[in-house]
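Below is one structure, written out as structure tokens; the observations come after it.
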Amino acid sequence: METLWQLWRRWWQTAAVPAPSEVLVVGAAALALVVLAWRPVRMLATLVHEAGHAVLGALTGRTLQGIRVHADTSGVTLSRGRPRGPGMVLTLLAGYPAPSLAGLAAAVLIGHGRSVLVIWLFALGAAVMLVRMRNLVGALVALAVGVGLALLAWYTPTRWLPWFATGLAWLLLLAGARTVLEACAHPGGPGSDEAQLAGLTHFPRWWWLGGWLLVAAGAVWLAASWLLVIPAG
């Protein structure tokens, strides 16, 4: 019982809001990782991408059958339901914006002093993904992310957690933008999200890719504006 109480207190513990200079330093470090260590960062982005498909699929009434994340950093989310209609469109639409929107949501929470909660929420999300994984690589990725973030949130002094939470937010924001840019530069085959959306609607691939690019760029701009104007608490 005491451990549960400590966990609850840890979840809701507030932390100082990073100073703008700290946000810039952490953002530069995240950018370096996106450029120099893209494969592991893309694996994280894929995990969140597939989570976006899964969440919207569940919210639109589809039955989630399983998630797979592959060693080549690709992924797939399988759900059962109507093959056409708004539910399928929203499910396909949700993947690419998911990392950017998750990073933006994290930035808002960080700006309200909830860096600890940010890390716990992502750890919890990884745990949920682990339950739904249907291949070994995906399970190992979800397990590594979930356990790593949980240990970080539990053992790291609170004063350092805003740095880690801000780094995670930057990673998702920048990785979300890069994955969309890659999709624009190298369009996928018939099974890609944009190809399936083009087949289900009257809008071509470039329309969906352009929309995702606007969301990614807008999320980076909003998150940066939010974190760089809030004074450190």
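Computed log10 I(q)/I(0) for segment 40-113 at 0.12, 0.17, 0.28 Å⁻¹: -0.35, -0.65, -1.18, from the Debye equation with unit scatterers placed on every C-alpha and solvent omitted. Specify which labelled value, from (1) 17.8, 57; (2) 19.6, 67; (3) 18.8, 57, agrees with Rg and Dmax of the Cα atoms in Å derived from the coordinates of the model shown. Given (1) 17.8, 57; (2) 19.6, 67; (3) 18.8, 57, the calculated one carries the label (1). Taking a ≥ b ≥ c as the square roots of the eigenvalues of the Cα gyration tensor, segment 136-214 is prolate, since a/c reaches 1.5 or more and a/b is larger than b/c. Note on segment 1-132: Kirkwood hydrodynamic radius from all Cα pairs is 16.6 Å, rounded to one decimal.
Name the residue from LEU33, VAL17, THR73 whose Cα lies farthest towards the positive end of the charge dipole of the chain, charges +1 on Cβ of Lys and Arg and -1 on Cβ of Asp and Glu. In the chain, that residue is THR73. FRET efficiency for the LEU214 to ALA127 pair, using the beta carbon distance and R₀ = 35 Å, is estimated at 0.65.
How long are the semi-axes of the equivalent ellipsoid of segment 157-203, defined as square roots of 5 times the Cα gyration tensor eigenvalues? Whole Å, largest first. Walk me through the numbers on the way to the answer.
Working: eigenvalues 250, 23, 10 Å².
Those come to 35, 11, 7 Å.
Against the compact-protein benchmark of 2.2 N^0.38 Å, the Cα-based radius of gyration of segment 78-199 scales to 1.21. Using the Cβ-Cβ distance between TRP206 and THR158 with R0 = 45 Å, the FRET efficiency computed as 1/(1 + (r/R0)^6) comes to roughly 0.45. Normalised size of segment 185-233, defined as Cα radius of gyration per 2.2 N^0.38 Å with N residues, equals 1.66. Mind checking the angle between helix 161-185 and the chain's longest principal axis? C-alpha axes, 0 to 90 degrees, to the nearest 10. Roughly 20 degrees between the two axes.
The residue list GLY85, LEU168, ALA45 was ranked by how far each Cα lies along the charge dipole of the chain toward its positive end, using unit charges on Cβ atoms, and GLY85 comes out on top. Counted over all Cα-Cα pairs of segment 75-130, pairs farther apart than 13 Å make up 70 percent. For the chain, the dipole from Cβ point charges (+1 on Lys and Arg, -1 on Asp and Glu) about the Cα centre works out to 440 debye, to the nearest 20. Each peptide in 82-91, 144-153 gets a packing score, the mean of other Cβ atoms within 10 Å over its residues, and the list from highest to lowest is 144-153, 82-91. Fully extending the segment from ALA185 to LEU59 would add 42.3 nm, taking 0.36 nm per residue of separation and subtracting the current Cα-Cα distance. Taking max minus min of the alpha-carbon positions on each principal axis, segment 10-74 gives extents of 45, 34, 20 Å, largest first.
Accessible area per residue for segment 83-233, computed on protein heavy atoms with a 1.4 Å probe, is 46 Å². Summarising the amide proton neighbourhood of LEU64: residues at separation of 5 or more, or on other chains, whose placed amide H is nearer than 5 Å comprise ARG80.
What does the charge count around ALA169 come to, taking other residues whose C-beta lies under 14 Å from its C-beta (Lys +1, Arg +1, Asp -1, Glu -1)? Overall, the nearby charge balance is 0.
The values are calculated or read from the model by the stated rules, or taken from the named source; none is laboratory data. Keep in mind that what you see is a predicted model, and the values were worked out from it rather than measured. For neighbour counting, all protein chains shown are included, and Cβ atoms are generated from backbone atoms with ideal geometry for every residue, glycine included. For accessibility, only protein heavy atoms count, side chains too; no ligands or nucleic acids. Shrake-Rupley method; radii C 1.70, N 1.55, O 1.52, S 1.80 Å.
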